[in-house]
1. Quick one: 3J(HN,Hα) in Hz for segment 98-115, Karplus 6.51/-1.76/1.60 with θ = phi - 60°, rounded, Gly and Pro as x.
2. Could I get the Rg over Rh figure for segment 80-230? Both from C-alpha atoms, Rh via Kirkwood, rounded to two places.
3. Peptides 152-165, 99-112, 189-202: what's the order by average Cβ count within 10 Å, highest mean first?
4. Which of the lysines could be linked to Lys119 by a straight reach, that is with a Cα gap under 24 Å, when you skip same-chain ones fewer than 8 residues away?
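Values quoted throughout were computed directly from the atomic coordinates according to the rules given, and no laboratory measurement underlies them. All figures in this text were calculated on a predicted structure; none of them were measured in a lab. In this analysis, Cβ positions are derived from the backbone assuming ideal geometry, glycine residues included, and neighbour counts consider all displayed protein chains.
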Amino acid sequence: MIPFVASKNTLVLVKSRGVYGSAIVVVCVVQYNIENDRTGSEFSNPYQTFVHETGHAIDYKLGKNYDGVPYYSQGYNNNEFGKAIRGDVDTWAKSYKDEMLPEILKHMENKEYGAIWDKYGENIDLTTVIGGKKEYNIQWGYDRISRELEGLPSKSLTEISDIVTGATDGKCKVIVGHGEEYWRHKGMLETEAFAEMLSATLTNKDSLNVLKKYLPNAYSVFEKMIKEVL
């Protein structure tokens with residue numbers, strides 16, 4: 001499958017030539033403004049979108065030719081990529097435990113609920129620390145990740161925010177990326193992360209540094225996948 005620009009507003013991903021004559025089979029049509037992509041936007045550098053969509057095409061092609069699954073990123077080494085992504089995001093979310101749990105327990109003991117709400121928001125779920133319970137709630141970590149991402153520069157945000165949304169099934173709330181419904185389709189996390197990491201690697205150094213910081217194991221697997229087919 002290869003990409004080409006059919007017009008200034010449409011990017012077409014072509015699977016292959018058909019079995020009859022020289023007809024081509026179009027498998028994906030992406031609404032794409034080449035003029036906007038040439039200059040970049042608030043959330044992307046020049047040609048970042050084109051490289052992202054090309055990443056999907058490469059992922060598809062490698063999947064068919066390399067290990068027989070629809071996408072290379074989904075089937076590589078028994079889904080090593082997807083497992084690494086989810087593992088990195090869970091590690092990130094759990095990294096707040098030593099800070100948050102003692103503080104929240106102290107406020108709960110003193111009935112200082114307002115202090116908790118002021119710092120972490122009124123929607124924080126306290127069920128794991130009610131009635132003598134003293135357990136860390138992973139959702140606290142997801143909420144902290146969401147707030148941390150909000151503080152990043154816009155052009156560093158796009159790739160990481162999309163990936164963490166997919167890895168948490170929408171439990172991380174971010175301002176850019178696909179909606180929750182999108183992530184209900186099996187394999188979308190791996191295919192989007194592959195395209196996101198490729199576009200960051202080739203077009204956005206700041207975004208790449210963010211990916212390496214928060215998803216070190218997943219990015220290492222991505223590099224390994226690329227090296228194996230070069």
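1. These are the phi-based 3J(HN,Hα) values: 5, 8, 7, 4, x, 5, 5, 4, 5, 5, 5, 4, 8, 6, 9, 5, x, 5 Hz.
2. Working: Rg = 17.1 Å, Rh = 16.5 Å.
Rounded to two decimals, Rg/Rh equals 1.03.
3. Numbers: 152-165: 21.9, 99-112: 14.1, 189-202: 24.3.
Top to bottom by mean Cβ count within 10 Å: 189-202, 152-165, 99-112.
4. Here the lysines satisfying the reach criterion relative to Lys119 are Lys94, Lys97, Lys106, Lys111, Lys133, Lys134, Lys171, Lys173.
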